[in-house]
Amino acid sequence: MAQSTAVLHFSGHQWLRNRLVLSIISGKPVKVDKIRPDDKNPGLRDYEVSLLRLLERITNGTIIEISVTGTAILLKPGVIAGGPVLHDCPTSRSIGYFLEPVIMLAPFSKKPLQLTLRGITSDDQDLSVDLIRTVTLPHLQLFGVSDGLELRIKKRGSPPLGGGEVQFLCPVVKQVKTLNFVERGKVKRIRGISHAVRVNPQFSNRMIEASRSVLNRYIPDIYLYSDVYKGEDSGKSPGYGLSILAESTTGAMHCAEALSQPGVAPEDTALLASRALLAEVRRGGCIDRQHQVFVLLMMVLGSEDVGRCLMGEPTPRTIQFLRDVQTCFGTTFKVTPVESDDASGPELIFACLGIGYVNANRSLA
Amino acid sequence: AQQAFSDRPRAGKRKDWTKLIYMSSLSPAEILRGNVAQSGKSQSTQFAGDEDFFTVVSRDSADKEELDVTKDALKADELEEWGDEDLLDSIRNLFITGSSAPAGEGV
């Protein structure tokens, strides 16, 4: 329906990031209106404006028009340029909010992206930099993006004041590989990072111990790393948190994390993270909920072959994304349920024909 | 609404996901909640009112703004169920040490 017109048209402030990504990758202009029209404080938030600025910086020739009231935007995408970029993220959202869309775009840029982001390194709304480093980046490798892919956590910064700094390095690819990932396998190891800044470094060890008390019953191969940043590198606010992931025999990863809350003991934070991980493992599939959108996007962009992937129940974000993909690329997924063993939730196979997206921005070596 | 979702709709109803995603006007949250019949009704009343000059602004989600977040908030009370030994044991077969693991990899 919307394919006939060149401009993608969406409404509402929800799902803004995914829609901007789709627009920039497809090269189609996107118009988003009705951004919080009835709100007391209508229009774009500061972090959304900041995200638009960031996207403007990593691209070349992007034109962004924001209406006077801020309730509508029009983005005409340019080419994804890459190269060295520095961006200060507002403290209203964590670095993860900005990095997630950038990771989807970076492999298709003209030059390898070297992005430095400053701000809050982990909060409870978006993926922390630890999970992006240990879980999201390995997901990129499934699609053949690997050499030189790196996320360096130079400084940590907890909410509310942040003060962290990360550097994201991403190589350029011509085309992503078709994914065929339908064997979930069994969890063979659990890894985790327990971090603490500007608090007693012992908190980190207390979290590790509490988490082990839950997870040790399943497998012995548990390694939780205590990552304590000190002095200048520890940001402006105190905080701590535990990010853990379970990896299966086939390489399927599920992750969870919990961060410090006022009045909650480190043990309880760790318990929360560990239980959330178990819940995530039980949901089944080869891809956890936070990475469904990312994997589906890469599947759409894959070579002209049928890609298949086993996932648990889709999240609302995933469902909306599938619809937006249809609007943007005309690609629909075939979703078939599979019989799974009793313990896990419903599992579905998502299959689609890749559009054979070729990175036309890439400068020829 | 959140509760209904978390109840894990195990009830026999097989969802036709492809159809729900691409060929219905239900919102993503409604699909997951699985209240197909209910929301169908509210849709039709909405359309009936379209002829009128004045339309009632729905105030369903006005209370708290839905943010574009990647992680769902952890709900401590929901995760409390993992204190239960039986539940902990029920997912043991998802790990390599589980009973259905190939011989030689057992505990």
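Every number here is computed from the coordinates shown, using simple stated rules; none is lab data. Keep in mind it's a predicted model, so treat the numbers as computed, not measured. Ideal geometry is used to build each Cβ from the backbone, glycine not excepted, and the neighbour counts take in all protein chains shown.
Shielding of peptide B:17-30 by partners, expressed as the average count of other chain Cβ atoms within 10 Å per residue Cβ, is 5. Hey, what D do you get for the range A:187-283 in µm²/s if you plug the Kirkwood alpha-carbon radius into Stokes-Einstein at 37 °C and 0.692 mPa s? Diffusion coefficient, whole number: 245 µm²/s. Using a cutoff of 8 angstrom between alpha carbon atoms and counting only pairs six or more residues apart, the relative contact order for chain A works out to 14 percent. Tell me, rounded to the nearest percent, the portion of alpha carbon pairs in the range A:65-126 spaced more than 18 Å apart. Here the long-distance tail beyond 18 Å is 51 percent of all Cα pairs in the range A:65-126. Taking Cβ atoms as reference points and 12 Å as the exclusive limit, the residues near A:S23 contribute a net charge of +4, counting Lys and Arg as +1 and Asp and Glu as -1.
Any idea how far the Cα center of the range A:210-235 sits from the one of the range A:272-318, in Å? Computed from Cα coordinates, the inter-centre distance equals 25 Å. If we count every other residue with Cβ under 14 angstrom of A:R308's Cβ, Lys/Arg +1 and Asp/Glu -1, where does the sum land? Net charge in that neighbourhood comes out at 0. With the alpha-carbon atoms of the protein assembly as shown aligned to their principal axes, the span from lowest to highest coordinate is 65, 55, 48 Å, starting with the largest. Other protein chain C-beta atoms within 10 Å of residue C-beta, averaged over B:82-90: 3. Remark: for residue pairs A:K31/A:K76; A:K28/B:K19; A:K186/B:K75; A:K230/B:K75; A:K155/A:K188, the C-alpha separation exceeds 20 Å in A:K28/B:K19; A:K186/B:K75; A:K230/B:K75; A:K155/A:K188. Electrostatic bookkeeping for A:D227 treats Lys and Arg as +1 and Asp and Glu as -1; over the other residues with beta carbon under 10 Å from its beta carbon, the sum is 0. Evaluating kT/(6 pi eta Rh) at 20 °C and 1.002 mPa s, with the Kirkwood radius of the range A:284-359 over Cα pairs in the Stokes-Einstein relation, gives 170 µm² s⁻¹.
Normalising by residue count, the range A:1-79 has a Cα convex hull of 87 Å³ per residue.
Ranked by how many other Cβ atoms sit within 10 Å of their own Cβ, fewest first, the residues A:S260, A:S213 fall in the order A:S213, A:S260. Taking A:D39, A:D305, A:D221 in turn, the Gaussian network model of chain A (Cα-Cα springs below 10 Å) assigns the largest fluctuation to A:D39.
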